Amino acid sequence: MAWSRLIHTDLGAAARAQYQSDHRRHYHNWGHVMRLYYHAEHTLALPYDPDLDAAILVHDVIYDALPDKELRSADWLCAQDPELGARARPHVLRTIDHMPSDDNRIAMLDLLDMCDAEVNALNFELVRLESRALYGVSDAAFAQANRAFIGAMRERFSDEVLAPLSPGDRAVYEGIRGGLSQLISLAEALEARAA
């Protein structure tokens, strides 16, 4: 990936090994990281930023059945490289709720696949498989929890919240909001089938 300058370093190798260490990670895996780099380079055409590069690399490096995954991912980076970790930490923590802020880059990158209906549907299935593998949940329980989680996120991205954003960021978030609506429909359909 041309945009990243870290994936071929020792830090990149350590992160990749971490992402690939658990076969239950169907969605939050190395492929997800590569998608964010793709979006940074091609979809948003972002100028290179080493702190954002590090945050993309590690934002889901810890993904298990325990809470505080993003915080523990930021801590992982700090243990590998304290200086870079301190600079990248705020970016990683923005992936907790993805709320618009003064710097929306990683939040948008993490959710941009929702703007493509086909990719969004595929990712829904990967998240379903991952939830079953990590948490042992049934399809009905996954659908219900997913619908509630996604619905709450869609509500957070209201017109009032998006109004102060730049036109470009607002357009991206509006596309993401449309993808969230699609995910709610997918969860409702799964819930109906699983009932």
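The values are calculated or read from the model by the stated rules, or taken from the named source; none is laboratory data. The model shown is predicted, which means the values in this text are computed figures rather than measured ones. So basically every Cβ, Gly included, is an ideal-geometry build from the backbone, and we count neighbours across all protein chains shown. SASA here: full protein model, heavy atoms, side chains in, ligands and nucleic acids out. Shrake-Rupley method; radii C 1.70, N 1.55, O 1.52, S 1.80 Å.
Below is a table of values for the structure above.
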| item | result |
| --- | --- |
| Alpha-carbon Debye profile of region 109-190, log10 I(q)/I(0) at 0.16, 0.17, 0.26 Å⁻¹ | -0.61, -0.67, -1.25 |
| Rg over Rh, two decimals, region 38-148 (C-alpha only, Kirkwood Rh) | 0.99 |
| The chain: projected area of the alpha-carbon convex hull, averaged over directions, in nm² | 10.5 nm² |
| Spin-label pair A45/A140, simplified geometry with 7 Å Cα→Cβ offset, distance in nm | 5.1 nm |
| The chain, dipole about Cα centre (Lys/Arg Cβ +1, Asp/Glu Cβ -1), debye to the nearest 20 | 380 debye |
| Mean residue ellipticity (222 nm) of the chain, computed from DSSP H runs ≥ 4 via -39,500 (n - 2.57), nearest 500 | -20500 deg cm²/dmol |
| Dipole of the chain, positive direction: furthest Cα of L183, Q80, H59, with charges on the beta-carbon | L183 |
| Counting all C-alpha pairs of region 54-101, share separated by more than 16 Å (%) | 30 percent |
| q = 0.13, 0.14, 0.19, 0.21 Å⁻¹, region 1-63: log10 I(q)/I(0) [Debye, one scatterer per Cα] | -0.31, -0.36, -0.64, -0.78 |
| R0 of 25 Å, Cβ-Cβ distance A65-A121: FRET efficiency to nearest 0.05 | 0.50 |
| Accessible surface of the chain [probe 1.4 Å, protein heavy atoms]: carbon and sulfur percent | 55 percent |
| Extension gain from T9 to S166, taking 0.36 nm per residue of separation minus the Cα-Cα distance | 53.1 nm |
| Computed over the chain: relative contact order in percent, which uses C-alpha pairs under 8 Å that are six or more apart | 20 percent |
| Å² of accessible area per residue within the chain, as computed with a 1.4 Å probe and no ligands counted | 47 Å² |
| Rounded, prolate or oblate (a/c below 1.5 giving rounded, otherwise prolate when a/b exceeds b/c) for region 124-164 by Cα gyration tensor | prolate |
| Cleavage-rule hits, trypsin sites (Lys or Arg not before Pro), region 1-104, DSSP coil, Cβ neighbours within 10 Å at most 14 | R5 |
